[in-house]
Structure formats: structure tokens, C-alpha cells
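What follows is a set of notes on a single structure, which appears directly below.
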Amino acid sequence: MQSAASTPAPDWLAVPADANDLVPGVWPASARRDDGVLSLGGVSAAELVREFGTPVVVLDEGEVRRRASDIRAAFDVAAAQHGTTARVYYAGKAFLSIAVARWVTEEGLSLDVCTGGELEVALAAGVEPSRMGFHGNNKSVAELERGVETGIGTIIIDSLIEIERLAAITARTGARQRVMLRVNSGVHAETHDFLATAHEDQKFGLPLSAASAAVARIREVPGLEFAGLHCHIGSQIFGVAGFRESASRVLDLHAELLIDGDVPQLNLGGGFGIAYTRADDPTPIGALAEGIVSAVAEGCAARGIPLPALSFEPGRAIVGNAGVTLYEVGTIKEVELEAGSRRYVSVDGGMSDNARTALYGAQYSARLASREGTGDPVLSRVVGRHCESGDIVVDHEYLPDDVAPGDLLAVPVTGAYCAPLSSNYNHVPRPPVVAVRDGAARVIVRGETIADLLSRDPGADGN
Ligand code: LLP
């Protein structure tokens, strides 16, 4: 067996005692092995691949619903303890389809959309527009008109120009639109650390210093109803410190705005971290909800202002761990390195179905799905089929030595920001998304075919 010290493995990755184990919290709760074969939501990986081919993104409906309702319940409880209410919007950007929009709204959540496209999916799913929030730093006039016309619950204004666009739309249509203003608190949080500056160098929202003038303008517009401030500090955040710091800064402004009118709500965005590998240890949702809500409650008490109604927008924490991508192993190579060796295991997908490793250096894990391996764990890198050396799916993982072409490999935690960021790079069709629940599987996003790709090319018709 290799020891971690003699390999190019990162410090956080220990040689596993069992390279077939399914780490709780990383895998959906329904994941198990039956006679060695992985099953998800009661459906075996072998059966899924027989029916839908590879790659296939499997989404565990029970896991999505459980996480959605756990998060909603955690914030309900925390808010009630402090004498307010909390509304949880599912951030559809993490993964949106008609089925998922229905699952989360059936679990009592509201829905955050950030483009006209996401809005249309939500409407097609039958989501009540009043339960939606509409985000985006560059919503077009047409998108804003569509939002207002459908009676969307809240539009989160991201710029001064957008205030004027909405003023014109509401003047023309006579509609009255509830809005929030997105502010940039100067706090940027990622995983364990957060960075707090006076000014954050990014495109979203208005700096705190510019916000009171913007709110004064919103309050002047007869067609707009100002509901409060919105702030989102980042994604894959562990712990409450970043939220606490950001809330404290935003509450100073919130208190100032109360002098001239109502500020009934406060939206603190999403970003709750999840476990991608066994090295990640996210704060349980109950403790996170209580930590954030009590920080806001203390901040309000210290300023002598009432606690507003709160809202949150988690995406990843609801769908991330519910998704598992199944691939077939194609080729295998050993690459000798100065510090040891690395095994390259190529699968039949890659950065077109999971861009996160290439884009963000994200870490994933992998397990054999069609059987249990019997060999010792070998440091491996799971790579895709694309013409690019950065086409890595799982950067570092110990896989059993006997992994072989034709094996099925499962990569967990692909439920968030994988399908939505997918592409047709190298003319590779995008895989289907298949929902599993109680032993049954159904397609919720159809896979593409080469014919789909050719249909966009007028040359295919001789033009
Ligand atoms: N609310 C707002 C305003 C957001 O911008 C986001 C994420 C969320 C909520 C949801 O954040 P979550 O709870 O899912 O972390 N593609 C990147 C993540 C980009 C997140 C963008 N905004 C990734 O794959 O890590």
C-alpha cells in the first residue's frame, strides 16, 4: 500500500481504510452497496446505466426534499425563537428544472431566479410568482417587464439604472412592485475564511456608502415598495463568522433607513457550505441557522431596532449532495512523478459535465459503482475525455488497484453547479439528469444527442 508521504497526494487526503466506503454526509443518505453495486434512491447504478447510458447525473429526490425541508425548518425554529419569521428561497442557479422547482416549493420553500430563463422554468413548473425573488446584476428591460407582469414577489435591485428601469415600467403599467436593494457589505467569505474590507471589488450590488441615496430614490417612486436590504457574501461558506460580520455592517444601514420609513425585511443570501470530501466538516444546519439568526437578533437589540423578517437563499446546500454522476472508465495510465506515481483514470465525460474542478480547483471524490474493488488503494486522478490537460474531474482520490476499463465510477456531490455550468465542449452532448426515489428512476432533463448538436448548425441542412 502507498503511504501518503511518498505520493503527490495533498495533506488533506488520507489513504482510506476502505476505498469502497461511501462517506456519510458526502453521499446521499440513500446510497448503499447491494452485493457491492452502488444503489441510489433504491435504484442500482448498473440498472441506471443500462437504461440511461453514461455519463448520467443521478439526483436523489428524497435527499433534495429532506435537505430543503430541514433547512426551512431550521430557519423557522431559529426565527421563531427570536420572535421573527424566516423565508427560505431555493437559489435555482444551483440546479433548476421543472421537477426540482416543484419539489422545493412542495417542501415549503420560495424560489430565487436570476435570469428570464430561470423565471420561465419556474413559471412552467407552476411556481406561484409571488413566491419568487428575481436577481441579476444586468436584468434586461424585457426581463424586468416579464417579472413585473407575472406579479413576481420581489425584485432584488442591483444598480441605480435598474431603479429607473423599474420606475418606467411601473409608471407605464400601473403595477406596484415590491423590491429589495442588494448591497455589498465589503465581506467576502469562502470556506473557512472571510475577508472584510471597506470596499469589495466586484460587480454585485451597491456599496453600503451609496445605498441610502438609492433607497431614498426607490421610496420616491410611486410604483415601488421598498422591502429591505439584500446581501450575499459568497458561496461554500463554513461557519457563521462571515455572516455575523456582514449582518453587523448591513444592520447599521438598515437602522439608518428606519428613520425615514419601513424596512420590514432583511435577506442575507445563501452560501452555506457542504461536504465535497471527507475532509470537509460543515456546520450542521440547525446550528448555522441559530448562529446567524441570533447574530442578527443581537445586532438589532444593540441598535435598539426591531428584528425584521429574515430571508435566506441556499442553493448548493439543498441539491449538492443529492447529485451523483456515473461514468464509465475508458483508459488507464500510470504516470511516474518525482515524488511517486499517479494513476490517470479516464472517464467518458469531464469538464463539459463538471467544469468546477477546472474552473475553481474544486475537490471531489470518487468510488467504483459497478462493484467493490479488491486491490489496495492507489492514488488516482479521474480525468475526462476532452482535448485539454485541465480536464480533470477528481484531482486526487485513492481508488482500488484493480479499477479497470468498463467499470462504472461514481462521483458524488455533483448536484449543484454542474449541470447548470455544463457545455458542449468538443461537441460532447450533455448527459441526462435522472431523478431516483423509492426504487424508481425518471428523466428530469433529457440528455442531448449528436442530432441535437447538429440541429444548431445550419450547414447540416446543406446551407
Ligand atoms: N443568492 C445569491 C444572490 C447568489 O449569488 C448565490 C450564488 C446564491 C444565493 C446561492 O449560493 P449557494 O447557497 O448555492 O452557495 N458556480 C459556483 C457558485 C456560484 C454561486 C453564485 N451565487 C460554484 O460552482 O461553486
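Read-outs: derived from the displayed coordinates by stated rules, not from any lab. Note that this is a predicted model, so its numbers are computed, not measured. Glycine gets a Cβ as well: all are built from the backbone with ideal geometry, and neighbour counts include every protein chain shown.
Assorted remarks:
- Label-to-label distance, V77 versus S389, with points set 7 angstrom from Cα along the beta-carbon direction: 5.1 nm.
- The alpha carbon centroids of the stretch 399-443 and the stretch 331-348 are separated by 21 Å.
- Seen from every direction in turn and averaged, the convex hull around the alpha carbons of the stretch 1-148 projects onto 14.3 nm².
- The slack between Y360 and K333, meaning 0.36 nm per residue of separation minus the straight C-alpha distance, is 7.2 nm.
- Rg/Rh (Cα only; Kirkwood hydrodynamic radius) as it applies to the stretch 326-463: 1.02
- Within the stretch 401-453, the proportion of Cα pairs with more than 12 Å between them is 76 percent.
- Around the amide H of Q177, modelled in the peptide plane, lie the amide H atoms of L224, E225, all under 5 Å away and 5 or more residues distant in sequence or on another chain.
- For the pair W12 and A175, label points projected 7 Å from Cα toward Cβ lie 4.3 nm apart.
- Counted over the stretch 180-300, the DSSP beta bridges are approximately 30% antiparallel.
- With helices as the sole contributors, the chain gives -9000 deg cm²/dmol at 222 nm; each DSSP H run of n ≥ 4 counts as -39500 (n - 2.57), and the sum is divided by every residue.
- Efficiency of FRET between R442 and E128 - r from beta-carbon atoms, R0 22 angstrom, step 0.05: 0.35
- Rounded to two decimals, the Cα radius of gyration of the stretch 110-317 over 2.2 N^0.38 Å is 1.01.
- Applying the Karplus relation 6.51 cos²θ - 1.76 cosθ + 1.60 with θ = phi - 60° to the stretch 187-196 yields 3J(HN,Hα) values of 10, 10, 10, 8, 6, 7, 10, 9, 10, 10 Hz, where x marks Gly and Pro.
- For the stretch 449-462, 3J(HN,Hα) per residue [Karplus equation, 6.51 cos²θ - 1.76 cosθ + 1.60, θ = phi - 60°, Hz, x = Gly/Pro]: 10, 4, 4, 4, 5, 5, 5, 8, 10, x, x, 5, 9, x
- Sequence ranges 323-329, 388-394, ranked by mean other-Cβ count within 10 angstrom, highest first: 323-329, 388-394
- Ordered from longest to shortest, the equivalent ellipsoid semi-axes for the stretch 99-193 are 22, 21, 10 Å, each the square root of 5 times a Cα gyration tensor eigenvalue.
- The chain: DSSP helices with Cα axial extent of at least 18 Å and average Kyte-Doolittle hydropathy no lower than 0.5: 160-173, 208-220, 285-303
- Calculated FRET efficiency for the pair L258/A287, C-beta based, R₀ 30 Å, to 0.05: 0.50
- Of all DSSP beta bridges confined to the chain, the antiparallel ones make up roughly 50%.
- Two-decimal ratio, the stretch 309-348, of alpha-carbon radius of gyration to 2.2 N^0.38 Å: 2.13
- Convex hull of Cα atoms in the chain, direction-averaged projection (nm²): 24.3
- Gain in span if fully extended, A460 to D35, counting 0.36 nm per residue against the direct Cα distance: 148.3 nm
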